[in-house]
Amino acid sequence: MRRSSSGNALPGPTDWRTFGRLLPYLLEYKWRVIIALTLLIGSKLAIVSIPIVLKHLVDHFAHVTPMMTVPFGLLLAYGALRLTTTVSSDLRDIVFARVTQNAIRRIGIEVFGYLHALSLRFHLERQTGGLTRDIERGSRAISSLIQLSLFSVLPTILEITMVSGILLVRFDWTYAVITLLALLIYIALTLSITEWRTHLRRRMNEMDSLANSRAIDSLLNYETVKYFGNEKFESERYDAQLRQWEAAAVKNQVSLGMLNVAQATVIAAAVTVMLTRASMGVVAGKLTVGDLVMINAFLIQMFIPLNFLGVMYREIKQSLTDIERLFDILRTNREVQDAPDAKPLVLQGGSLSFDQVRFGYDADRSILHGVSFSIPAGHNVAVVGASGAGKSTLARLCYRFYDVNSGAIRIDGQDIRSVTQTSLRAAIGIVPQDTVLFNDTIYYNIAYGRPQASREEVVEAARAAHILLFIESLPNTWETQVGERGLKLSGGEKQRVAIARTLLKNPAILILDEATSALDTHTEMIIQAELREISRNRTSLIIAHRLSTIVDADTILVMAQGEIVETGTHKALLEQNGLYAHLWSLQQEEREIVIESEQLLEK
């Protein structure tokens, strides 16, 4: 992904664009924004007024007289101003809370939806850990950026402007010059050191994301790690990444200390010079003791938030970087998109045809070479061949996970690139070879095929997939958790759940991508009989490895190296005595051995 130019000392075009991208989300509640800003200004006016009231209190008590009274009005005003500053800030946060949280929610759902709209290629190439960390940091940065820029930096600038104006009008120009000069030095130091720190922080975040990606990748492949006894190897790889993160984190912490020392030096020098100048004025009789107290109070009030300006600036720059990486996701090219004039697919039976389809996952490696075939509505066609022949690629292209390089795929005469992806995928049901389940209940995973289905329909789908008895035998029955990616279920059980949810979807076109490959011979025969019954009234594309499962197909296509080399019925292909006949002979020998083994085990 492209990085934000947060290494610049001043906000660059990318930073301003990021602010601009956030504005529409904030302005959805424009009245809340206006009220919050009004409360902010009111709070700062109250804060700036406190030293003025304090000056009058000190001057009142500076001249002791027999008739001295307690200035209740000034004391009440002082208390009211203190209360106003606190209440205004709290009310501002209450009013603005919905604005911030709504922006986070809206952007989060937009990114989530966009990720689902990206092509399969993006998701196969991405690093899940790094991506989720970018999304997490970006979402958190939205709140941080809004709070810091609107309610920390803006109030600080407003207060500095007010104080400088009061000093310039009420006293001589030197006070305002000292204040502004200290500000300029402070800001220059902060920006220059922060520019250096930003590179260190970025490096630290990169190492953090890489370490997180490595950890998640290792945990997702838990079984593989165990198979090869590589726990120590994985720990060493993870530690190597963490060592790089540690080095970057130490440099980041050292640079923070250097920045804090520089800031404290500037603040201490400015306060000393200002109070010295004010003390000379009191001695010369040009200023009162109240004036000295007011100037000191102004400086304390101004430099307290200013002391955190460096922190705020760093956090804003980092937030901009994190949000920019989040928005980078929304700028990722969508390889497969609906055409501008795309219309919903109009089903008229569900015939499927491939017309001279050429495709390759990479430009220099072609997978399909001019594949053409047709499946009339309600018929079933099986595709067989060795691994790597391009069988599963056919299923991915039907779903438009990728677009063909040339040629066309049509459903009822409609080029699938001319219809909406939503309507296309609603018409197709697939049982993949490698079934992945959600980390939820068995009921949830089956009902996922059609979330609005009734419980009776879900139960019926499970019965059709021959998994109902298994579900009802479990201690928690339908509420049994299947675990991460369905790892608590066996391969056959996962496959039957996948079959059940596809049956529940009730699609017009059915694709079985080696759907029974994980089942034992007995269960496979039972489910194959059910699948044949279900496929009878549907257009079916059956991708198979075991030839015995597709002998009843209307047509069998034999693929080799991305081309269809033989076509015909089971009987006709055997008579040709070609590749299919050779594969059939080999598998029959293997099947006999398996059956004999199972019979021996049963005895």
Inset, instruction - Kindly indicate whether any position in region 177-191 is under 22 Å from the mean Cα position of the chain (by Cα), open to solvent by less than 50 Å² (accessible area, probe 1.4 Å) and of a type in the set (G, A, S). - result: no
Inset, instruction - Go through the residues of region 318-335 one by one and say whether even a single one is among the basic types (K, R), part of a helix (DSSP H, G or I) and at pLDDT below 75. - result: no
Legend entry - Members of region 272-310 found to be outside any helix (DSSP H, G or I) and either among the hydroxyl-bearing types (S, T, Y) or modelled with pLDDT under 80 (or both), listed by number: T288, F308
Inset, instruction - Being in a loop (DSSP other than H, G, I, E, B) and aromatic (F, W, Y) is the filter; apply it to region 427-456 and report the residue that is surrounded by the most Cβ atoms within 10 Å (Cβ to Cβ). - result: Y448
Inset, instruction - Please determine, by comparing only the residues of region 457-473 that are open to solvent by less than 50 Å² (accessible area, probe 1.4 Å) and without any contact (Cβ under 8 Å) to a residue 12 or more places away in the chain, which one is farthest from the chain's Cα centre (by Cα). - result: L468
Legend entry - Count - residues of region 351-407 that are outside any strand (DSSP E or B) and acidic (D, E): 2
Legend entry - Filter result (open to solvent by less than 80 Å² (accessible area, probe 1.4 Å) and not in a helix (DSSP H, G or I)) within region 205-248: N221, G229, N230
Legend entry - Those residues of region 249-264 which are open to solvent by 60 Å² or more (accessible area, probe 1.4 Å), closer than 30 Å to M302 by Cβ and free of Cβ contacts under 8 Å to residues at least 12 places away in the same chain, in sequence order: Q253, V254, V261
Inset, instruction - Output the residues belonging to region 178-205 that are closer than 18 Å to I135 by Cα and touching a Gly at 6+ places or on another chain (Cβ under 9 Å). - result: R202
Inset, instruction - State yes or no: is R463 in contact with a helix residue (DSSP H, G or I) (Cβ under 9 Å, 6 or more places away or on another chain), more than 11 Å from I442 (Cα to Cα) and not aliphatic (A, V, I, L, M)? - result: yes
Legend entry - The listed residue being under 28 Å from E223 (Cβ atoms), among the charged types (D, E, K, R) and either surrounded by fewer than 22 Cβ atoms within 10 Å (Cβ to Cβ) or modelled with pLDDT under 85 (or both), out of E566, E533, E598: E598
Legend entry - Inter-residue pairs, beta-carbon under 9 Å, first on the phi > 0 side of the Ramachandran plot and in region 382-399, second of a type in the set (K, R) and in a helix (DSSP H, G or I), 6+ apart: G385/K391
Legend entry - Flag if G370 is at pLDDT below 90 and either open to solvent by 50 Å² or more (accessible area, probe 1.4 Å) or within 20 Å of H545 (Cβ to Cβ) (or both): no
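The values are calculated or read from the model by the stated rules, or taken from the named source; none is laboratory data. Since the structure is predicted, the reported quantities are computational estimates derived from the model, not experimental observations. With ideal geometry, Cβ positions are generated from the backbone for all residues, glycine too; neighbour counts draw on all protein chains shown. When the accessible area is computed, the model is the full protein with side chains, heavy atoms only, and any ligands, DNA or RNA have been set aside. Shrake-Rupley method; radii C 1.70, N 1.55, O 1.52, S 1.80 Å.
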